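Structure, as structure tokens:
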Amino acid sequence: MADLPEFTMTGGPLEVSDRVLRAMARQTMYHYDPLFLELHNDTIDKLKKIFQTKNDLIIMHGEAVLGLEAAAASTIEPGDKCLNLATGPFGKGYGRHVTTFGGELLEIEVPFNESIDPEAVRDMFRAHPDIKVLSVVHSETPAGTLNPIEKLCPIAKEHQAITIVDAVSSVGGMQCLPDEWGVDICIVGPQKCLGAPPGSALVSVSKDAWQKMLGKSEPLRGSVLSMLDFKERLIDNGRFPYTPSVNQVYAVREAAAQLLEEGLEHAFARHRAAALACRAGIKAMGLELWPASEDIMSTCVTAVKMPDGVTDKALRAMMRDKYGVMISGGHGDLIGKLFRIGHMGKMAGVSYVLVALAALEKTLTDLGVKVPAGAGVSAALATA
Ligand SMILES: *Cc1c(COP(=O)(O)O)cnc(C)c1O
């Protein structure tokens, strides 16, 4: 079996703190044990603070993608016009959920190194004022880009549409204000900026979204994809729709506590500092950032164009096995075109970025790419 890499700096999951690991090792409890109920409710309260929302919040037990699919399954009435914004593999992929549940798919697609222009969304709503659902990714992790959901969601709300935002990799690492911005369903993954292991979908749901779910001709109930089950059974009646992942809740609670102790603004600044250091290092090494411009870059991950003459497989294998740093390649259509250094949660620190840049320099040099010695680390340090 391979050794554990010294550093895991991927698009997620990433390394988590010792505190979170220890929390998971707590004895497994019955989910109706009064102590577990207390811990669960406390986790919900903490997450609401992190989401900066007054909306209801549920923890779905599976993965972030469960929350994404459940949002479509729970809200879309067959025949609903749904506008999906395709800015990368996750944005594009959401269109499939729309059609799976009978939605009529309208799409705005941009090259996967760009983000969405709000004017395009405005035009689409002008042409189709009966759009019922808008779906968009906040931080498109596979492309390293960020969509201006603070401008996009209000347009949908002006037209009484429900907004579904894949904020899997943004909440906890960068500003996201569901209530102010009109995000009806906000789906977050614990394994990204929150700094916990994968295993659940953390979802805030607005009153408008509950109404949309209830207003369907056949509201979705009695399904793992049903968000309404969480409202009607758990929120209103204190009964879990199914057994929660007890130890995962411990982990999410601990990660949330740690983040709140640090303070959200501090955490955002830490992610920004790591991203700025990483970008400076990449450019100084003579490499090219993947997103079309720096103002649309997400601060949770740095996506870099694959240098000529290097394969994704060789780069990542050597970087991990010889220099101890596990990074991510492309995802979906972006496989082979880019590689990604993740700096989220615990790993959102300039010191970790320096390690990744040093390992990258050694790897590229070994692979025959000319990289100025020490330039990446030096430029990254200069931003600190
Ligand atoms: C990680 C991620 C997902 C999917 O998460 P899973 O780990 O596959 O559940 C979806 N969207 C975005 C933006 C992500 O970063």
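The values are calculated or read from the model by the stated rules, or taken from the named source; none is laboratory data. Not measured: the values here are computed from a predicted model. As a convention, Cβ positions derive from the backbone with ideal geometry for all residues, glycine included, and neighbour counts pool all protein chains shown. To get the accessible areas, we keep the full protein, side chains included, count just its heavy atoms, and leave off ligands, DNA and RNA. Shrake-Rupley method; radii C 1.70, N 1.55, O 1.52, S 1.80 Å.
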For this session: Please tell me if residue 173 is assigned by TED's automatic domain parsing to the domain that holds residue 141, within 25 Å of residue 213 (Cα to Cα), of a type in the set (Gly, Ala, Ser) and within 12 Å of the ligand (Cβ to nearest atom).
Result: no
Problem set entry | Test: residue 149 is closer than 17 Å to residue 84 by Cα and either open to solvent by 20 Å² or more (accessible area, probe 1.4 Å) or within 10 Å of the ligand (Cβ to nearest atom) (or both) | no
Exercise. Which residues, taken from the range 335-375, are surrounded by 21 or more Cβ atoms within 10 Å (Cβ to Cβ), touching a Cys at 6+ places or on another chain (Cβ under 9 Å) and either in a helix (DSSP H, G or I) or in the same structural domain as residue 197 (by TED's automatic domain parsing) (or both)?
Worked result: 345, 353, 356, 357
Exercise. If you take just the strands (runs of 3 or more DSSP E) that sit entirely in the range 162-216, which of them hold at least 2 residues that are free of Cβ contacts under 8 Å to residues at least 40 places away in the same chain?
Worked result: 162-166
For this session: Can you tell me which residue within the range 289-305, out of those that are open to solvent by less than 20 Å² (accessible area, probe 1.4 Å) and of a type in the set (Gly, Ala, Ser), is farthest from the ligand (Cβ to nearest atom)?
Result: 303
Exercise. What number of residues within the range 102-122 satisfy the criterion of being in contact with a strand residue (DSSP E or B) (Cβ under 9 Å, 6 or more places away or on another chain) and open to solvent by 20 Å² or more (accessible area, probe 1.4 Å)?
Worked result: 13
Problem set entry | Residue list for the range 115-146, filter: within 16 Å of the ligand (Cβ to nearest atom) and in a loop (DSSP other than H, G, I, E, B) | 115, 116, 138, 141, 142, 143, 144
Problem set entry | Qualifying residue in the range 34-46 (condition: within 14 Å of the ligand (Cβ to nearest atom), surrounded by fewer than 23 Cβ atoms within 10 Å (Cβ to Cβ) and among the β-branched types (Val, Ile, Thr)) | no
Problem set entry | Tally of residues being among the aromatic types (Phe, Trp, Tyr) and under 19 Å from the mean Cα position of the chain (by Cα) across the range 307-352 | 1
For this session: Residues being under 16 Å from residue 230 (Cα atoms), more than 11 Å from the ligand (Cβ to nearest atom), of a type outside the set (Val, Ile, Thr) and open to solvent by less than 10 Å² (accessible area, probe 1.4 Å): count how many of those fall in the range 61-86.
Result: 5
Problem set entry | the range 180-200, residues that are touching a His at 6+ places or on another chain (Cβ under 8 Å) and either of a type outside the set (Ser, Thr, Tyr) or more than 12 Å from the ligand (Cβ to nearest atom) (or both) | 193, 199
